[in-house]
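Engineer: Before I ask anything, here is the structure I am working with.
No lab work stands behind these numbers, since they all come straight from the coordinates. Computed from a predicted structure; not experimentally measured. Methodologically, a virtual Cβ is constructed for each residue, glycine included, from the backbone with ideal geometry; neighbour enumeration extends over all protein chains shown.
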Amino acid sequence: MWVNDNGQLTLALCAEGKESFGVPTISQAAIDVNVASPVSKGIGKSGDLSKKELIALLNIPEHLAQNIKNAGLKVNYAKYKACLQAQDTLSQKIKQGTWPAGVKKPTNSNIIEVFVSRTYWHTYMTPAFHDISHHPLLKDWLENSDGGPTDADVWGKFQNNYSFADLQKEKERRQQQAKGKGKKKDEQHAGEKKKKQKMK
């Protein structure tokens, strides 16, 4: 109820119960509402999210969403993994019905662009990392975990930075090695068969 207090209109509130004096002020209530939801009310008529809101909703590590010059293979791999995780998080939220109502669902391209440009993603990152699970030592090195392989273990040398071209060459070298080992095994197996046949 509005009351006249020395010529100024004041809104008088009546709160009942034990906690009547603990009623938050309007400014406190507004702060609480904003903290509770990462999605602002000013999303726009299209329902599009800002980059910051997308990062919050998909639990993306903020440092990986920053533009980093000459990032190197390990940082690029971390971005690649985080992007795939964000796409999976989106799928899970939609499946579970926890994606905010009225908010437009981002495309995979929208999520990629939180991390890098689409051109960079398709030209460098996907070709470099899509099959990295076939190269366990390289994968462990990219993970950069404690006790993981050193530069010398993987590359046979140390250099300040490793490029996508370096990674591709190393993958090809390791594939050739594996083929060579496989060929030797086949030759040994064939030789053993011939010996057995002669013995008969």
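Engineer: Here are some pairs, Lys69/Lys179; Lys81/Lys104; Lys139/Lys181; Lys51/Lys95; which of them have Cα atoms lying more than 30 Å apart in this structure?
Structural biologist: Where the Cα-Cα span goes over 30 Å, the pairs concerned are Lys69/Lys179.
Engineer: Along each of its three principal axes, how wide is the spread of alpha-carbon positions in segment 45-108, in whole angstrom units, largest first?
Structural biologist: Computed over the Cα atoms, the extents are 38, 24, 16 Å.
Engineer: Compare the peptides 50-63, 96-109, 138-151 by average per-residue count of other Cβ atoms within 10 angstrom and give them in order, highest first.
Structural biologist: Details: 50-63: 15.6, 96-109: 12.0, 138-151: 14.1.
Descending mean neighbour count gives 50-63, 138-151, 96-109.
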